[in-house]
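The values are calculated or read from the model by the stated rules, or taken from the named source; none is laboratory data. Keep in mind it's a predicted model, so treat the numbers as computed, not measured. Positions of Cβ are generated from backbone atoms using ideal geometry, with glycine treated the same way; all protein chains shown enter the neighbour counts. Side chains are part of the model used for accessible areas, which takes the heavy atoms of the whole protein and leaves out ligands, DNA and RNA. Shrake-Rupley method; radii C 1.70, N 1.55, O 1.52, S 1.80 Å.
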Amino acid sequence: MDTLLGIYLNDQLAMGLAWRELARRAARTNQGTEFETPLREVASAIAEDVDTFRGIMQAVPVRANPVKAGLAIVAERLGRFKLNGRITSHSPLSRFWELEALAMGIEGKKILWTTLRDSANLGKRLADVDFDALLLRADRQRSLLEPARVRAAEDAFAQRS
């Protein structure tokens, strides 16, 4: 069973690294806009969550798989080449997609923390990890991001005459 937990943790770490990179890039590309502040705060929080998650992996103990981690970062970078309706400028669709993907990642992280706490029984095995606080932190990230996500959707999909 610990082998399966190790695979799961490495898969989740890879996804967390991809979301961290996406958040950092989104914050950079939205510099000077109304989206910058929430994206910078969420990017910082996601980076903190990745560090927390690495600590959980060490406590279990599970070694991080550098190949999976590297492939996740490469996949995030390749995702930057998706068509967005514009060639030379940042598209409102790109901004919306980034915020939507981050929102989905945060929701997935809430499921992750619950799974680790309850199903993997790490809530009892790792007394130093406050999974309830991690869930609250994810809720704060989601609340911080939601107004920006809604605004980006309006910008991307508003009917233009």
Problem set entry | Per residue accessible area in Å² of segment 1-147, where ligands, DNA and RNA are left out and the probe is 1.4 Å | 55 Å²
Exercise. Dimensions of the chain along principal axes (Cα, Å, largest first)?
Worked result: 58, 31, 23
For this session: Before rounding to the nearest 500, sum -39500 (n - 2.57) across all DSSP H runs of length at least 4 in the chain and divide by the residue total; then give [θ] at 222 nm in deg cm²/dmol.
Result: -25500 deg cm²/dmol
Exercise. Among all lysine pairs in the chain that are eight or more places apart or on different chains, how many have alpha carbons less than 24 angstrom apart?
Worked result: 5
Problem set entry | Residue of A23, A75, A43 that the Gaussian network model of the chain assigns the largest fluctuation, springs spanning Cα pairs under 10 Å | A75
For this session: Tally up the carbon and sulfur contribution to the accessible surface of the chain as a whole percent, 1.4 Å probe, everything protein left in place.
Result: 57 percent
Problem set entry | Dipole magnitude of the chain, debye to nearest 20 (Cβ charges: Lys/Arg +1, Asp/Glu -1, about Cα centre) | 460 debye
Exercise. Given labels modelled 7 Å from the Cα in the Cβ direction, how far is it in nm from R125 to A153?
Worked result: 3.8 nm
Exercise. Around A148, with a cut-off of 13 angstrom between Cβ atoms, what is the net charge of the other residues, counting Lys and Arg +1 and Asp and Glu -1?
Worked result: -3
